[in-house]
Each structure stands twice: as C-alpha cells, then as structure tokens.
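Notes to accompany the following structure.
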Amino acid sequence: MFKIQTLNKISATGLAQLGEGFTISDNEANPDAIILRSFKMHDMELPGGLLAVARAGAGVNNIPIDKCSEKGIVVFNTPGANANAVKELVICGLMLSSRKVWQGINWAQTLKGKEDVPALVEKGKGDFGGVEILGKTMGIIGVGGAIGVLTANACNALGMKVIGSDPYLSDKAKAALDPAVTVCNLDEVLAKSDYISINVPYSAATKHMINAEALKKCKKGVVVLNFARAELVDDAALKAALAEGSVSVYVTDFPNSEHLDVENIIAIPHLGASSEEAEENCALMAAAQTRDFLQKGNIVNSVNFPALSSDTPGKLRSGIVYKADAENAVGARIKAEFAAKNDKFEFNNAVRGNYGYALVVFEGDSCNGACDVIRAMPEVIMARSIR
C-alpha cells in the first residue's frame, strides 16, 4: 500500500486516478509521495521515506529541487495540463489592459441610488475609453512552451501581429505555431511589441529578466502581461517605468503589496490555472505520473531526473538513482553487477545533468543479491525494488 500526502486541495477526480493500493491523506507522517499545487515546501523537512513529489501544475519554484535531487526524490510537474486556462486568462488580461472595462464597472457601481443612471452612464463613459487590439503587435517571450503556443495562435486569430522568442523552440512547438507567427530574438520582441506576454519558467537565469535594461528597449507605452511567475519581473523597475509612462499597463497574476492600489497595475489573484478543467487535468496527470513511478519505476515529466520508462512485464523491477559521471561509468558498473548474477533482465538507463537513473526489469522474482550490492555503492543515492 503506497501512502500519498496532499499539501493542497487536489481534485478528487484526479486523485481517483491512483486507484487501488493507495491511501491518501493531508497529514500523512511518512508518505511515499506528495502531490501539491502551490504549497511552499522550502522550509518543510522532507520525510525520510519520500520517493516522489508531484506538482499539479507547471511551475516548481515552490519545491526544493536541489534538496530533492540530493535525496533521490523524483519531482514531477504537469506541463500543458493547465495551458488552455492560462491562455484564456492572458487573453482576458490583454482585453482588460486595452479597454478600461474593470475601471468602468467599478465606477458604475458608484451610481447606485442616483437618479437617471442611464444619463449618468452616457455622461461618464468617456473617462473609460480604450484601444482595440486589432492590428497591434503581441510579443511572446517563451513562444515555444505550451502556453506560449496557444497564446500566440489565439492572438493571431484575434487579428494581432504575433512575434515571439524562445531559444529552446522545439520542432514540435514550431509546427504547432500558426505560420503567421514570426519567431525572432528577445531584443526584437522587446523593441517591436505593443503588448508583451511573459511565458517562461522561473529560474536563476530568468529572474528579473524584465528589468530596467529590458524595459528601456521596449516601445513607449508597452503593456506587460505576466502570467508566468512573479520573480520574472523586477517590481521596482516596472513601477518606475509606469510612473514615467514608458510602460502603460502592467497585468500580473502574482500580486504583492507593491502592486496594490497602484494606477495602471491590474492585479489578478493568481487565477491562471484556477479553472475546474485545469485543476482536474493537472491532478489527473500528477496522479498518473505518481502511480506509474511508484508501481513501475517509470519516470515521465520529471524536472530533476531523466525520462525513462519500460512496459516490459516482469515479476521484479529495480529503480536506481545515482550520481553520474561524464562517461556514465557508474551506469555501466550497475549494469555489470546485475549481469554478473542474472541471466534474463532488461536494463534501461539515462542521464540528466549530474544524475542518472536505471530501471531494471527482471523475468524472475529475484535479482539474486545484485540489488544489495548496488545499493551499497557510494554513488547510488536511492535504490528500490518494485514487485
């Protein structure tokens, strides 16, 4: 029986994907796996028997990736599962930044109790004029991601000129983009766009990528839309640009105290993936990946270890996380140890960065002592048998 701890409210439909052989609790003391959404794990003591952490969403900056990797804990995310929900909110933010709809709605509420409201509406509506997006240029930073592709194609369908940058653009993503979308470098996106949507993951390399220097390269009056991560934007630089008018509107899905009650900042309370469909899709994917790893040792959509799966039937499986070297000599030694004591087995192996993962499928129900030898190797971080 595998024990699952949830650190946030997770869709019941998604958790049902785990099926039999799993217990689920929000206060499990020694879980085999954790499933969460936005709960911040950095100050949390990781349970000793923890094997996996599954983020029901794409961003994983709330999870201590390095600490998990050092302990052999596989961290999963669910790329693309909430992409449509985020895309729709980007489009909503685009409209809100162009037409002063929310300001107008708030103003209309102040007319309650006054006489001849229709006449007051006609008199006051001139304060809430805006611009159309038709023919304007949308620049997408991270156009090759699932959200970037959907946003680019949606903006193109709305009659916008769409340009985007992505140094990691895959052939699959490029094929999914509408042919009218132009892929260029980041400086061109900054210089040519009337609207800029940020759709990249947060990392040390992308922290404050929208800073004073980047904003100086933008068109005067550009609109910045951030539905990716708060840390991608330097708040001080953004507020200074708003004050001087070089940025006309900032739309953020990650408000903090610096954003509140500031003219021309539209602060949305982290609603990007908060649709019933997105929450269910993310939970379904997170649960399926967790189940497949715990029951079979398969790794799909991990952010810290290589992807590796096998559908070969076997009575025994072994999953091994180890510190890899440049030539993957450790992986070769692990295979040799199994080969020395077993005739019939399938050996699968992959390396990602400093870590390797081996997935071994045995025809019989024993590894004939090889598992204990490998578990004692100094480079091996985690080794488990799966029956």
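The values are calculated or read from the model by the stated rules, or taken from the named source; none is laboratory data. Just so it is clear, the model here is predicted, and its values are computed rather than measured. When we count neighbours, we look across all protein chains shown, and the Cβ atoms used for this are built from the backbone with ideal geometry, even at glycine. To get the accessible areas, we keep the full protein, side chains included, count just its heavy atoms, and leave off ligands, DNA and RNA. Shrake-Rupley method; radii C 1.70, N 1.55, O 1.52, S 1.80 Å.
Cβ-Cβ contacts under 7 Å between residues 6 or more apart (or on different chains), taken from a first residue in the stretch 346-361 that is at negative phi to a second residue that is of a type in the set (F, W, Y) and open to solvent by 10 Å² or more (accessible area, probe 1.4 Å), are listed as A358/F347; V360/F345; V360/F347; V361/F345. Which strands (runs of 3 or more DSSP E) does the stretch 1-95 wholly contain that include 3 or more residues that are in contact with a Lys or Arg (Cβ under 7 Å, 6 or more places away or on another chain) and over 30 Å from S197 (Cβ atoms)? Qualifying strands (runs of 3 or more DSSP E): none found.
Within the stretch 314-334, the set of residues being in contact (Cβ under 8 Å) with a residue 12 or more places away in the chain and small (G, A, S) comprises G314, S318, G319, A324, G331.
When you check G331 against the structure, is it modelled with pLDDT under 95 and surrounded by 15 or more Cβ atoms within 10 Å (Cβ to Cβ), yes or no? Considered against the rule, which asks whether it is modelled with pLDDT under 95 and surrounded by 15 or more Cβ atoms within 10 Å (Cβ to Cβ), G331 comes out as no. For S246, the test of being open to solvent by 40 Å² or more (accessible area, probe 1.4 Å), in contact with a strand residue (DSSP E or B) (Cβ under 8 Å, 6 or more places away or on another chain) and hydroxyl-bearing (S, T, Y) is failed. Among the residues here, S203 qualifies as modelled with pLDDT under 95 and of a type in the set (S, T, N, Q).
Checking the conditions here, which among D343, D292, D311 is out of contact with any His (no Cβ under 8 Å at 6 or more places or on another chain), without any contact (Cβ under 8 Å) to a residue 12 or more places away in the chain and under 30 Å from G57 (Cβ atoms)? From the options D343, D292, D311, the qualifying one is D311. Right, L284: at pLDDT 95 or above, open to solvent by less than 60 Å² (accessible area, probe 1.4 Å) and under 17 Å from the mean Cα position of the chain (by Cα) or not? Criteria met by L284. Each residue in the stretch 158-172 was checked for being buried (at least 19 other Cβ atoms within 10 Å of the Cβ) and either part of a helix (DSSP H, G or I) or not charged (D, E, K, R) (or both), and 5 pass. Any residue in the stretch 187-210 that is small (G, A, S), more than 17 Å from the chain's Cα centre (by Cα) and at positive phi? No, the stretch 187-210 contains no residue that is small (G, A, S), more than 17 Å from the chain's Cα centre (by Cα) and at positive phi.
Just to check your reading of the model, which residue among A267, A283, A287 is free of Cβ contacts under 8 Å to residues at least 40 places away in the same chain and in contact with a Leu (Cβ under 8 Å, 6 or more places away or on another chain)? So the residue among A267, A283, A287 that is free of Cβ contacts under 8 Å to residues at least 40 places away in the same chain and in contact with a Leu (Cβ under 8 Å, 6 or more places away or on another chain) is A267. Picking from residues in the stretch 48-98 that are among the basic types (K, R) and buried (at least 21 other Cβ atoms within 10 Å of the Cβ), the one that is farthest from E279 (Cα to Cα) is K87.
Among the residues of this structure, L238 does not count as one that is farther than 20 Å from N84 by Cβ, assigned to a helix (DSSP H, G or I), open to solvent by 20 Å² or more (accessible area, probe 1.4 Å) and at pLDDT 95 or above. Among residues of the stretch 207-235 that are free of Cβ contacts under 8 Å to residues at least 60 places away in the same chain and in a helix (DSSP H, G or I), those with a Cβ under 6 angstrom from a residue that is among the aliphatic types (A, V, I, L, M) and open to solvent by 20 Å² or more (accessible area, probe 1.4 Å), sequence gap 6+ or separate chain, pair up as L232/M209.
On the basis of being on the phi < 0 side of the Ramachandran plot, of a type in the set (A, V, I, L, M) and open to solvent by less than 20 Å² (accessible area, probe 1.4 Å), does V131 make the cut? No.
Number of residues in the stretch 241-282 that are touching a Cys at 6+ places or on another chain (Cβ under 8 Å), closer than 16 Å to K219 by Cα and in a loop (DSSP other than H, G, I, E, B) equals 1. Scanning the stretch 304-320 for any residue that is open to solvent by 50 Å² or more (accessible area, probe 1.4 Å) and at positive phi turns up nothing. Restricted to strands (runs of 3 or more DSSP E) entirely inside the stretch 314-387, those with at least 3 residues that are touching a Pro at 6+ places or on another chain (Cβ under 8 Å) are 345-352, 355-362. Would you be able to tell me the number of residues in the stretch 173-190 that are surrounded by 14 or more Cβ atoms within 10 Å (Cβ to Cβ) and not in a strand (DSSP E or B)? Result for the stretch 173-190: 10. Can you tell me which residue in the stretch 349-378 is nearest to P313 (Cα to Cα), limited to those that are of a type outside the set (A, V, I, L, M) and surrounded by 17 or more Cβ atoms within 10 Å (Cβ to Cβ)? Ranking the qualifying residues of the stretch 349-378, first place goes to F362. Evaluation of V360 against the conditions (1) over 23 Å from D292 (Cβ atoms); (2) touching a Ser or Thr at 6+ places or on another chain (Cβ under 6 Å) shows that the sole unmet condition is (1).
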